[in-house]
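Asks: Let me begin by handing over the structure; questions about it come next.
The values are calculated or read from the model by the stated rules, or taken from the named source; none is laboratory data. Everything numeric here is computed off the predicted structure, so don't read it as measured data. Because the Cβ atoms are built from the backbone with ideal geometry, glycine has one as well, and the counts that use them run over all protein chains shown. For accessibility, only protein heavy atoms count, side chains too; no ligands or nucleic acids. Shrake-Rupley method; radii C 1.70, N 1.55, O 1.52, S 1.80 Å.
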Amino acid sequence: MFDRRDFPQDFVFGAATAAYQIEGHRVGGAGPTHWDSFAATPGNVAGAEDGASACDHYHRWPEDLDLLRDGGFDAYRFSTSWARVMPDGKSVNPEGLDFYDRLVDGILERGLAPFLTLYHWELPSVLADNGGWTNRDTTSRFGDFTRLIAEKLGDRVARIATINEPWCVSWLSHFEGHHAPGLRDIRAAARSMHHIMLAHAEGVEALRAAGHKGAGIVLNFTDVQCGDSEGGWSEAAARTDAIMNRWFIESVARGEYPAEALEGLERHLPKGWTGDMARIAAPIDWLGVNYYSRALVTEAPEKPWPSTGAITGPLPKTQMGWEVYPRGLSSLLNRMADDYVGSLPIYVTENGMAWADEPCDGKIEDTARIDYVAAHLEAVRRSLSHGTNIKGYFYWSLLDNYEWSFGYEKRFGLIHVDFGTLKRTPKASWHRFRDALSDGRR
Ligand code: GCO
């Protein structure tokens with residue numbers, strides 16, 4: 001079991017959410033996003049559900065923040081919807097900006113530390129119309145958005161991440177087609193993989209110009225393993241590791257893209273891309289690591305590059321079908337410190353599991369989630385004793401919410417949401433956190 005006292009004095013415990021997944025996008029003058037049209041296209045999202053109403057956090061945020069505070073947490077990771085504050089990608093919606101202003105004050109009033117993510121995937125539709133992340137111009141527009149948020153909130157928010165999960169924004173959305181805009185095109189994938197890192201650079205530059213000292217990025221990592229021979233390694237695994245993990249951390253930490261990914265992508269990159277690499281590698285103040293599971297990768301020579309497949313592993317799985325594999329978290333955290341960022345502060349910005357939770361006599365006994373968290377926090381402790389400078393852990397997610405292409409069925413929350421009545425019910429895992437965090441409050 002976990003306990004606050006087993007972690008360093010200044011270790012931060014928090015929970016994470018994202019704007020489109022909880023707020024309810026149809027209110028407050030938010031503009032249309034590429035997720036609305038993606039969801040409205042048959043076959044993309046389970047039940048064609050979208051974020052129009054979600055958890056109605058837009059109106060219920062005081063209650064949600066109270067639950068976070070009462071759970072004993074120290075911090076809240078949330079995101080600002082670009083389409084809410086700049087509905088047409090250009091002009092400002094004062095109502096949207098005021099919402100985040102009040103939210104940040106509400107976070108601070110409850111003694112919580114705000115961790116803000118600028119882009120958690122609500123690209124305004126007008127920018128999508130112009131090619132979205134395949135168009136270099138979107139990166140400059142992202143710079144404008146960053147300036148606006150930095151000016152309005154930067155004085156009260158000590159840590160701001162530019163982009164959430166660039167691999168999902170680019171490869172998953174433009175090569176695999178699972179997320180908006182739902183493309184399956186290697187050229188679009190390569191361009192978006194570069195432009196999303198350039199947007200990060202624009203964001204860091206805008207934050208620096210505003211005098212901000214807490215600029216970071218949130219990357220998602222998967223423990224890539226060879227599925228053809230147990231404990232072995234293969235070229236297919238190396239290619240996947242380069243595309244999923246190394247592309248993003250190596251551009252930020254070294255100003256390079258890995259050769260194993262460039263072999264298939266270089267010819268599709270925008271002209272002059274090498275000239276952007278020094279900007280992408282500008283120093284950051286912290287790194288966010290999102291971790292859920294491992295991948296068992298196989299060689300698939302019959303397919304075009306990257307000629308890979310995947311097998312399903314034997315370990316117990318979450319509602320998403322993802323294997324529970326805490327060991328991958330410690331090895332990835334140590335890899336970040338040992339190979340890339342040294343003693344730079346690292347936060348686990350997301351880790352959590354979905355389960356088909358339903359109340360029974362008003363209670364939700366999600367013991368599988370409690371075990372999942374305990375095992376992953378144990379992995380964090382192992383990394384801390386290795387010497388890795390981990391400063392905090394954020395559970396994904398505070399609330400059951402809109403799980404992108406899976407709609408509302410997959411429940412990641414510490415707090416159950418009845419999507420008919422919008423009633424919030426803390427699960428046993430929330431109570432477990434409260435016991436672990438409140439007792440040791442310093
Ligand atoms: C992501 C996002 C979250 C997800 C969570 C579970 O990783 O896809 O950051 O928005 O909801 O990770 O899939």
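Asks: Going by amide H atoms built from the backbone, whose H comes under 5 Å of the H on Ala310, apart from near neighbours?
Replies: Residues meeting the criterion, in which the H sits 1.01 Å from N, are Thr298.
Asks: Need one number: convex hull volume per residue for the chain, Cα atoms only, in Å³.
Replies: Spread over its residues, the Cα hull of the chain gives 133 Å³ apiece.
Asks: Figure the gain on full extension for Ala428 and Arg208 (residue separation times 0.36 nm, minus the Cα-Cα span) and round it to one decimal in nm.
Replies: 75.0 nm
Asks: In a solvent-free Debye calculation with one equal scatterer on each Cα, what is log10 I(q)/I(0) for the range 370-442 at q = 0.17 Å⁻¹, listed in the order of the q values?
Replies: Debye intensities relative to I(0), on a log10 scale: -0.77.
Asks: Here's a follow-up. May I ask which of Lys271/Lys391; Lys271/Lys303; Lys90/Lys410; Lys391/Lys427 have a Cα-Cα span longer than 31 Å here?
Replies: As for pairs spanning more than 31 Å Cα to Cα, those are Lys271/Lys391; Lys90/Lys410.
Asks: Moving to a separate point now. Over the chain, what is the mean sequence separation of C-alpha contacts under 8 Å (at least six apart), divided by residue count, expressed as relative contact order in percent?
Replies: Normalised by residue count, the contact order of the chain is 18 percent.
Asks: Averaged per residue, what accessible surface does the chain expose to a 1.4 Å probe, in Å²?
Replies: 37 Å²
Asks: Determine the equivalent ellipsoid of the range 214-340 by diagonalising the alpha-carbon gyration tensor, then write out the semi-axes as square roots of 5 times the eigenvalues, largest first, rounded to whole Å.
Replies: Rounded to whole Å, the semi-axes are 26, 21, 11.
Asks: Work out the FRET efficiency for Asp6 and Ile311 from their Cβ-Cβ distance, taking R0 = 25 Å, and round it to the nearest 0.05.
Replies: Using R0 = 25 Å, I get an efficiency of 0.10.
Asks: If one computes the Cα centroid of the range 73-94 and of the range 371-429, what distance in Å separates the two points?
Replies: About 22 Å separates the Cα centre of the range 73-94 from the one of the range 371-429.
Asks: At what distance in angstrom do the alpha carbon centres of the range 196-245 and the range 129-159 lie from each other?
Replies: Distance between centres, Cα-based: 20 Å.
Asks: Let me ask something additional. For Cα pairs less than 8 Å apart in space and 6+ apart in sequence, what is the mean separation divided by the residue count of the range 289-414, i.e. the relative contact order in percent?
Replies: Rounded, it is 27 percent for the range 289-414.
Asks: Another question about this same structure. Given springs between every Cα pair under 10 Å in a Gaussian network model of the chain, which of Gly255, Gly420, Gly288 has the largest fluctuation?
Replies: Maximum among the listed residues: Gly420.
Asks: Taking H as built 1.01 Å from N, whose amide H comes closer than 5 Å to the amide H of Arg411, not counting residues under 5 places away?
Replies: Distant-sequence amide H within range of Arg411: Trp355, Asp357.
Asks: Return the carbon/sulfur percentage of the accessible area of the chain, one whole number, probe 1.4 Å, all protein chains in place.
Replies: The nonpolar share, carbon plus sulfur, comes to 50 percent.
Asks: Subtracting the Cα-Cα distance from 0.36 nm times the residue separation, let me have the gained length for Asp155 to His178 in nm, one decimal.
Replies: The span from Asp155 to His178 would gain 4.6 nm if fully extended.
Asks: Divide by every residue of the chain the summed helix terms, -39500 (n - 2.57) for each DSSP H run of at least 4, and state the resulting mean residue ellipticity at 222 nm, rounded to the nearest 500 deg cm²/dmol.
Replies: Calculated from helices alone, the mean residue ellipticity at 222 nm is -10500 deg cm²/dmol.
Asks: Calculate the tail of P(r) for the range 29-102: the fraction of all Cα-Cα distances greater than 16 Å, expressed in %.
Replies: Across the range 29-102, Cα pairs with separations above 16 Å total 61 percent.
Asks: A further question on this structure: How much FRET efficiency would the formula 1/(1 + (r/R0)^6) give for Ser438 and Ser385, where r is the Cβ-Cβ distance and R0 is 30 Å, rounded to 0.05?
Replies: 0.75
Asks: Could you check the simple spin-label distance between Glu235 and Asn130, using points 7 Å along Cα→Cβ, in nm with one decimal?
Replies: About 4.1 nm, to one decimal.
Asks: Top mean-square fluctuation among Trp61, Trp404, Trp305, Gaussian network model of the chain, C-alpha springs under 10 Å?
Replies: For the chain, modelled as a Gaussian network with Cα springs under 10 Å, the answer is Trp305.
Asks: Also, I was wondering about something else. Provide the per-residue ³J(HN,Hα) series for the range 390-399, in order, calculated from phi with Karplus coefficients 6.51, -1.76, 1.60 and θ = phi - 60°, each as a whole number of Hz, with x at glycine and proline positions.
Replies: With the stated coefficients, the range 390-399 comes to 8, 9, x, 9, 10, 6, 9, 9, 4, 10 Hz.
Asks: Give a residue-ordered list of calculated ³J(HN,Hα) values for the range 430-437 (Karplus: 6.51 cos²θ - 1.76 cosθ + 1.60, θ = phi - 60°; whole Hz; x for Gly, Pro).
Replies: Once θ is set to phi - 60°, the couplings for the range 430-437 become 4, 4, 5, 4, 4, 4, 5, 8 Hz.
Asks: Which residue, Thr134, Ala18, Gly29, has the largest displacement toward the positive end of the dipole of the range 1-151 when charges sit on each Cβ (Lys, Arg +1; Asp, Glu -1)?
Replies: Toward the positive end, the furthest listed residue is Thr134.
Asks: Once amide H atoms are built 1.01 Å from N in the peptide plane, which residues 5 or more positions from Ala15, or in another chain, come under 5 Å H to H?
Replies: Ala75, Arg77, Tyr395
Asks: Which whole-Hz couplings ³J(HN,Hα) result when phi for each residue of the range 165-176 is put into the Karplus expression 6.51 cos²θ - 1.76 cosθ + 1.60, θ = phi - 60°, listed in order with x for Gly and Pro?
Replies: For the range 165-176, the Karplus curve yields 6, x, 4, 5, 4, 9, 4, 5, 9, 10, 10, 8 Hz.
Asks: FRET efficiency for Glu256 and Lys363, Cβ-Cβ distance as r, R0 = 45 Å, nearest 0.05?
Replies: In this case the efficiency is close to 0.30.
Asks: Taking springs between alpha-carbon atoms closer than 10 angstrom, which of Arg191, Arg267, Arg335 fluctuates most in the Gaussian network model of the chain?
Replies: Arg267
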